[in-house]
Amino acid sequence: MQPLSKTKRRFYLYGLIAVFVLCLPLVMLYANGYRFKSGAGFVRTGGLIISVSESGGTVSVNGKDVGTSGFLRHNFYVDDLTPGKYQILVTREGDLPWHRTLVVEQELVTDAQSFLVPKEITSVLLVDSAKAPLSTTTITHATYESYRTAFLPSKATSTQNVVPHNPSSEVLTVEDGDVLVLWTDAGTMPPSRYCSRPSFCSAVIPVEDGKQHATRAEFFAGGVVYTTKEGGVFLAEIDVRPEPLTVPLYPVRGADFRIVAGHLIVKDGTALYEITEL
């Protein structure tokens with residue numbers, strides 16, 4: 001083979017330098033988080049983090065599967081997303097599908113925790129063993145009495161403040177029939193569930209705000225259990241972004257509830273039930 005002439009070597013060298021110079025801005029833009037979007041040019045990207053506590057939950061973003069949660073994977077990070085709205089779906093066998101609309105903004109990452117609730121929720125009638133010793137649904141007399149006395153008038157006042165997950169930052173309250181979760185620590189950013197988009201957050205999440213008249217609410221099972229005069233007992237997700245999940249647990253007018261030693265107990269007339277499977 002004949003070696004390249006000096007002229008050709010210079011031509012190739014200058015050509016490669018020209019290609020490098022032309023590509024360098026594009027490489028720098030890409031490395032700094034810019035992506036090309038039709039109609040908008042180069043824009044900075046953002047990302048999403050979807051957390052699924054349970055195993056077997058399949059996560060999709062805008063209809064595209066991202067992965068399935070398991071023993072070693074419960075968080076899903078999706079990056080290089082151009083600003084805009086994204087539809088998140090988490091499905092799991094035996095649970096209601098969980099939807100969320102999340103807004104992605106430039107250079108920011110927003111996150112969401114899935115709220116999976118079983119499709120079938122069971123209410124088990126509780127029977128005092130002292131009155132029906134042969135019943136298969138009996139509980140001990142002492143346990144039954146602890147549930148029954150929790151509903152006595154002296155303990156049945158409307159909820160104003162309930163012991164929250166983090167007493168220094170989050171408070172659950174019922175005001176004028178509305179159920180509200182409040183972020184009280186003005187010195188720190190609230191979690192993403194308080195933010196309609198990453199750059200705009202509120203200190204209040206309306207859980208039930210006017211459709212019915214709520215009388216009591218408590219934190220339970222990662223959400224809020226509340227009762228209304230009109231509709232009974234419900235479990236609701238705590239999230240300001242559309243559409244938070246609300247599930248009827250015992251949709252009977254006049255029903256009330258208490259949480260006793262971690263058990264969700266419903267009172268309907270004189271009968272007591274325990275809500276299970278949550």
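For the range 190-208, a residue qualifies if it is in contact with a Gly (Cβ under 9 Å, 6 or more places away or on another chain) and under 15 Å from residue 173 (Cβ atoms), and the qualifying residues are 207, 208. I'd like to check something: does the range 176-197 contain any residue that is in contact with a helix residue (DSSP H, G or I) (Cβ under 8 Å, 6 or more places away or on another chain), closer than 26 Å to residue 87 by Cα and of a type in the set (Gly, Ala, Ser)? Checked against the condition, which is being in contact with a helix residue (DSSP H, G or I) (Cβ under 8 Å, 6 or more places away or on another chain), closer than 26 Å to residue 87 by Cα and of a type in the set (Gly, Ala, Ser), the range 176-197 yields no hits at all.
Restricting attention to the range 70-95, the residues that are over 21 Å from residue 245 (Cβ atoms) and among the charged types (D, E, K, R) add up to 3.
Of all residue pairs spaced 6 or more apart or on separate chains, those with beta-carbon atoms under 9 Å, a first member in the range 47-74 that is among the acidic types (Asp, Glu) and a second member that is assigned to a strand (DSSP E or B) are 54/95; 65/58; 65/59. The set of residues from the range 245-278 being without any contact (Cβ under 8 Å) to a residue 40 or more places away in the chain and within 14 Å of residue 208 (Cα to Cα) comprises 246, 248.
Each residue in the range 236-278 was checked for being assigned to a loop (DSSP other than H, G, I, E, B) and among the acidic types (Asp, Glu), and 4 of them qualify.
Taken together, the values in this text are just the output of simple stated rules run on the coordinates, not laboratory data. Quick caveat: nothing in here was measured; it's all calculated off a predicted structure. Quick reminder, even Gly has a Cβ in these numbers, built from the backbone with ideal geometry, and neighbours come from all protein chains shown.
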